[in-house]
Amino acid sequence: MAEIATIARPYAEALFKASAADLQGAGAWLEQVAAIAGQPQLQQFADNPKATPEQVLGVIAGVAGGTLPAQANNFLSALLENGRFAALPEIARQFRLLANAQRGSSDAVVYSAFPIDDASLASLAAVLEKRFGRKLQVSVQLDPSLIGGVRVAVGDEVLDTSVKARLEQMKVALAA
């Protein structure tokens, strides 16, 4: 994993510098393309020596549902020509970290046993921003194993208020 991160860093930094005028726009197409590029079938197609960069770009544009911005095409062409297409998901992750650092925010993933409506998510986001002391980009993932409550991951910090965690704490206390 460190190898991919090392390969991805200069590409993420270069794209970040080149996209300084429109970080949000570049981040949007990069996230979309990284999700597409993460598919094993596309990785295999891109690694095929008979596939040209134009063919791979055509497949990506087709899956994306239209033409990509010129910056996206240029960036993807450079990755394909240099054999770095497999690093695209990591490049997107590092680009997001750089953009968040500039905005003074972080990504927060809220794991919940049940869906969270927009009003509840907004109030939870406000509480979490106060708790972590920074602006958060909140996303929700369902995890029925939590039984109830939520587990929040912000970078390497985790706040676990789930029923599952409380049951584990009780188990440890009773076993001691």
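Numbers for the structure displayed
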| item | result |
| --- | --- |
| Count - residues of the stretch 147-168 that are touching a strand residue (DSSP E or B) at 6+ places or on another chain (Cβ under 6 Å) and either among the hydrophobic types (A, V, I, L, M, F, W, C) or over 21 Å from GLU129 (Cα atoms) (or both) | 5 |
| Residue count for the stretch 79-102, restricted to those that are of a type outside the set (A, V, I, L, M), more than 18 Å from the chain's Cα centre (by Cα) and part of a helix (DSSP H, G or I) | 1 |
| Filter pass, ALA64 being without any contact (Cβ under 8 Å) to a residue 60 or more places away in the chain and either charged (D, E, K, R) or open to solvent by 20 Å² or more (accessible area, probe 1.4 Å) (or both) | yes |
| Boolean, ILE36 is in contact with a Leu (Cβ under 8 Å, 6 or more places away or on another chain), open to solvent by less than 60 Å² (accessible area, probe 1.4 Å), closer than 23 Å to ASN100 by Cα and at pLDDT 90 or above | yes |
| Residue in the stretch 8-30 that is most open to solvent (accessible area, probe 1.4 Å), counting only those that are within 14 Å of PHE85 (Cα to Cα) and in contact (Cβ under 8 Å) with a residue 12 or more places away in the chain | ARG9 |
| Sole residue being surrounded by 14 or more Cβ atoms within 10 Å (Cβ to Cβ), in contact with a helix residue (DSSP H, G or I) (Cβ under 7 Å, 6 or more places away or on another chain), without any contact (Cβ under 8 Å) to a residue 12 or more places away in the chain and not acidic (Asp, Glu), chosen from ALA86, ALA51, ALA5 | ALA51 |
| Counted residues, the stretch 64-78 - those being farther than 13 Å from ILE36 by Cβ and not in a loop (DSSP other than H, G, I, E, B) | 7 |
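The values are calculated or read from the model by the stated rules, or taken from the named source; none is laboratory data. What you are looking at is a predicted structure, and each value in this text was computed from that prediction instead of being measured. Note that we place each Cβ from the backbone using ideal geometry, even for glycine, and neighbour counts take in every protein chain shown. Just so you know, the surface numbers come from the protein's heavy atoms only, side chains and all, with ligands and any DNA or RNA stripped out. Shrake-Rupley method; radii C 1.70, N 1.55, O 1.52, S 1.80 Å.
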